[in-house]
Every structure is written in structure tokens, then in C-alpha cells.
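The values are calculated or read from the model by the stated rules, or taken from the named source; none is laboratory data. Since the model is a prediction, treat every value here as computed from it, not as a measurement. Counting neighbours? That spans all protein chains shown, and the Cβs are built from the backbone with ideal geometry, glycine included.
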Ligand SMILES: O=C1NC(=O)NC(C(=O)O)N1
């Protein structure tokens, strides 16, 4: 019996495929669709202290190779998602859910975590350290000192399973430095990667940018992102202590892409751009495709091949 089930933070998930924060997870209507799909679970849109309308539209554009977005963290506010998850924990108790959060400073991170700690939430927190699209706000994941400060405080205040969503890195020394920082903390996971920040996709016919915010600059996802995503997944898989698992995000639109992320070390894979394009039925297709690849290779579980990428030496 070929299985795509997985374990993360000691929690069992029937399927290793789920949505990426930001896609199909803005409100109950969207989250219900993921909940009722073949996805193993869902993560909410990144919740902030108060609701946000986000950036001006158009703020998302798909191309045949992926997507560009500058949403600007539009969300219903943390409490909305906590209420939704609380309801789902009662209605569908055998699944564990992810709550994505982002504060705009350390005090807000503490506040968000205190709210979750005080609630009936029994899921997993994904602390987003990598949104590239809030004007004037940096991608925290590129400020190594601040990451260390935040995580020090986070683990003083929060006791439940928690991981972080990181931006993509492009330098081996940065993988080394970030892994050294992260290995100090009882992180449940690292989710690599968020979009490649501040890319530019142009409509050469009209000679214009394709999204309105930030003169067209936005986070890049999809096929454009996959090689970088695989490298980040594998770099952290190689460097982090075994207790810190990897969630692979970036460029997954086929069972093969999911297979490659797991081969690089991912324990869970998240789908963004392709989910936005195809809808939640994508999870049935991806699961079937992944199982076919596993069958052809003689694998029955993800542990048969997770992290077993071969080198040419
Ligand atoms: O973390 C994020 N990454 C993105 O690519 N876009 C969203 C956003 O803009 O809300 N946030």
C-alpha cells in the first residue's frame, strides 16, 4: 500500500500535501475548500494583530511560468482564523491545522503568540519571517540578528509546536549562518521558501508592469522559484539538527515536483501558485502523480526516499 502520509512535530498527517500560506486560505469559504480536498491539512493566510486590506489591485498576476504578487498581507486578523480553526478542531478533530502569523515588531509577535497560547488552539504555528510585500517593511529573514532576537523571545513565551517561513537564500555562507542560528532553538520546522522578493514581470505589449503596488515589484512564485526552493530545502536539510524538519514550498505543480522536494529533504510540501491556478482539486492530482512515481521506483512511504538525493561525486 503506497502512502503519502507524513509526520511533522510528532503529529501525523494523512497526506504530505497542503496549501501554502496566502493561497486559498483568506476566509472560511476558501479554507473549507482546502479542508474538503485531498490536502493533508491547511495553513491560514498570515494573520496579523488587526485585519488588513493589503495593497492596491491588481496585485497578483499569473504567467505560464509562475506568478508575481504584492498582496501586502491582506487578512481577516488573527482572531478570525483562530475562531475558524477552533470550529474545525471540534468538527474534524482527527486533523491538525496550521496558523500562519506575522507581527510587525517583536511586541506584536509576542502578542500574537500570547493570544494563541491562551486559546484552545492545538495546531502548529507558522511564523512568517519573509513577506516581501509590505511597503517599508524588510523581509525579516534577511536580518540574521533580528531573527535570532525574535526566536529567543518566541521560545520564552510560546510552548506549542512552531516553525518559521523563510525567504529564499542564495549564498552558501548564508545557509551556514542561518542554520547555526536556527539550531539553537526548539523549532518544529523550517518552511523554505517564500516567494523571491521584489521581482518584476512586464507586459511588453503595453510596455507596463503587471501589478500596481510598488511600481510592479512583487514576490515571484511557480516554475521560476523551483530550483531555488529545492536548494533551500536541501541546504537546510543538510545543516539543521534532525528535530527541525523541513516544509518544502516553491514550484510544485506536479507529483514529480513534490517528489523532488521530498528527495531534497521535505517532510511536508506546500502548493501556492499552481493551487491558485488549478484550485483545490489539484491535491487529488498531485497525490495520484506522486504515488505513481513512488510505485514506479518501488517506494511505499516517504521515508523510503526523503533526503536521499544523490550527488555526482
Ligand atoms: O509572505 C508573503 N509572501 C508573499 O509572496 N506574499 C504575501 C503577501 O503579500 O501577503 N506574503
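A quick yes/no check of all residues on (1) buried (at least 16 other Cβ atoms within 10 Å of the Cβ); (2) assigned to a helix (DSSP H, G or I):
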| site | (1), (2) |
| --- | --- |
| 93 | no, no |
| 96 | yes, no |
| 104 | no, no |
| 122 | no, no |
| 147 | yes, yes |
| 154 | yes, yes |
| 176 | no, yes |
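What number of residues within segment 20-35 are in a loop (DSSP other than H, G, I, E, B) and either in contact with a helix residue (DSSP H, G or I) (Cβ under 7 Å, 6 or more places away or on another chain) or within 11 Å of the ligand (Cβ to nearest atom) (or both)?
Residues meeting the conditions: 7.
Could you list, in sequence order, the residues of segment 127-145 that are assigned to a loop (DSSP other than H, G, I, E, B), modelled with pLDDT of 95 or more and more than 11 Å from the ligand (Cβ to nearest atom)?
Hit for segment 127-145 is 143, nothing else.
Scan segment 36-64 residue by residue and report those that are within 20 Å of the chain's Cα centre (by Cα), assigned to a loop (DSSP other than H, G, I, E, B), surrounded by 15 or more Cβ atoms within 10 Å (Cβ to Cβ) and in contact (Cβ under 8 Å) with a residue 24 or more places away in the chain.
Across segment 36-64, the qualifying residues are 37, 38, 39, 40, 42, 44, 45, 46, 48, 49, 59.
When residues of segment 230-280 are filtered for being in a loop (DSSP other than H, G, I, E, B) and surrounded by fewer than 24 Cβ atoms within 10 Å (Cβ to Cβ), how many remain?
10
For the subset of segment 212-229 comprising residues that are buried (at least 23 other Cβ atoms within 10 Å of the Cβ) and closer than 29 Å to residue 263 by Cβ, which member is nearest to the ligand (Cβ to nearest atom)?
The selected residue is 219.
Could you please give the count of residues in segment 69-84 that are more than 9 Å from the ligand (Cβ to nearest atom) and either in contact (Cβ under 8 Å) with a residue 12 or more places away in the chain or touching a strand residue (DSSP E or B) at 6+ places or on another chain (Cβ under 7 Å) (or both)? Steps first, answer last, please.
At the first step, the residues of segment 69-84 found to be more than 9 Å from the ligand (Cβ to nearest atom) are 76-84.
Still in the running and either in contact (Cβ under 8 Å) with a residue 12 or more places away in the chain or touching a strand residue (DSSP E or B) at 6+ places or on another chain (Cβ under 7 Å) (or both): 76-82, 84.
Residues flagged as more than 9 Å from the ligand (Cβ to nearest atom) and either in contact (Cβ under 8 Å) with a residue 12 or more places away in the chain or touching a strand residue (DSSP E or B) at 6+ places or on another chain (Cβ under 7 Å) (or both) within segment 69-84 amount to 8.
Within the group 193, 209, which residue is within 14 Å of the ligand (Cβ to nearest atom) and either closer than 13 Å to residue 235 by Cβ or surrounded by fewer than 22 Cβ atoms within 10 Å (Cβ to Cβ) (or both)? Give the steps one after another, and end with the answer.
Details: 209 fails: within 14 Å of the ligand (Cβ to nearest atom).
Answer to the check: 193.
Kindly indicate whether residue 203 is surrounded by fewer than 24 Cβ atoms within 10 Å (Cβ to Cβ), closer than 15 Å to residue 67 by Cβ and out of contact with any strand residue (DSSP E or B) (no Cβ under 6 Å at 6 or more places or on another chain).
Answer is yes for this residue.
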